Amino acid sequence: MSDTLLDEIPGATAVAAYLKRHPHFLADYPDLAAQLTLPRSEGPVASLAMYQLQQLREKNADLEGRLAELVTIAAENERLMQRVHELNVTMLRAATPALAARSVISRLASDFRIEQVRLLLFGHAHGLPQAEWLVIEPGGRAALTEFAGFLGNHEPLVGRLSAERLYRLFGDQAPEVQSAAVMPLGELGLLALGSADVNHFQPGMGTLFLKMLAATVNAALTRSQELA
């Protein structure tokens with residue numbers, strides 16, 4: 001074959017580009033389609049029809065897998081929202097700050113499987129009894145230097161915390177906390193959740209539930225103080 005003819009033969013990239021622009025090309029040349037061998041990860045297939053069928057099956061399997069994952073997530077979100085609703089009802093029934101606080105701590109530990117829960121309040125105990133889960137900072141916001149930057153916004157802090165922050169929140173239990181979520185409670189203080197699972201609270205995770213939880217606790221404590 002002469003060099004001139006070789007130069008006229010299109011390269012593989014050009015052939016592929018042409019076929020993309022003319023997807024019905026093989027329909028006009030059925031004999032050519034029958035001679036093609038199409039690659040598969042486990043070996044070649046005999047025809048274009050089989051190749052397309054296998055591709056459709058794989059895409060369907062992938063879509064079914066994604067749908068099953070979405071269904072699982074939706075079911076878990078539904079259970080989560082049910083637990084949040086039950087927590088809200090419990091908070092509404094609480095007539096005193098002590099009852100409201102004890103109820104939320106108990107619910108978080110049992111219903112949400114949170115190993116460590118801390119309610120850090122500014123200034124005074126707001127009528128709450130001494131408890132391991134209660135941390136009082138008499139100096140208020142100004143004394144909580146470990147969270148100075150965080151207190152300036154209204155977003156939950158999620159993920160792994162520094163040893164200094166962990167000790168400030170969880171005291172002697174700090175070494176057991178591998179991931180945490182910290183939520184501001186307005187002028188009242190902070191609510192902190194700690195888990196022994198490093199993946200339980202991760203940066204980038206959805207924080208809607210945490211914001212709802214913080215709003216519920218804040219409203220319950222404020223309301224119970226007004227009624228007291």
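The values are calculated or read from the model by the stated rules, or taken from the named source; none is laboratory data. What you see is a predicted model, and the numbers here were worked out from it, not measured in a lab. Cβ placement follows ideal geometry from the backbone for every residue including glycine, while neighbour counts extend to all protein chains displayed. The area values use the complete protein model at the heavy-atom level, side chains included, leaving out ligands, DNA and RNA. Shrake-Rupley method; radii C 1.70, N 1.55, O 1.52, S 1.80 Å.
Selection of the range 135-158 for residues being open to solvent by 60 Å² or more (accessible area, probe 1.4 Å) and among the acidic types (Asp, Glu) yields only Glu155.
Within the range 196-216, is there a residue that is open to solvent by less than 10 Å² (accessible area, probe 1.4 Å) and of a type in the set (Ser, Thr, Tyr)? Scanning the range 196-216 turns up no residue that is open to solvent by less than 10 Å² (accessible area, probe 1.4 Å) and of a type in the set (Ser, Thr, Tyr). For the range 174-228, the set of residues classified as among the β-branched types (Val, Ile, Thr), modelled with pLDDT of 90 or more and not in a loop (DSSP other than H, G, I, E, B) consists of Val182 only. In the set (1) under 27 Å from Gln178 (Cα atoms); (2) open to solvent by less than 90 Å² (accessible area, probe 1.4 Å), Arg102 fails one condition alone, (2).
Among the conditions (1) without any contact (Cβ under 8 Å) to a residue 24 or more places away in the chain; (2) under 23 Å from the mean Cα position of the chain (by Cα); (3) assigned to a helix (DSSP H, G or I), the only one that Leu161 does not satisfy is (3). Filtered by the rule that a residue be in contact with a strand residue (DSSP E or B) (Cβ under 8 Å, 6 or more places away or on another chain) and either at pLDDT below 85 or among the hydroxyl-bearing types (Ser, Thr, Tyr) (or both), the range 115-138 gives Gly123, His124, Ala125, Leu128.
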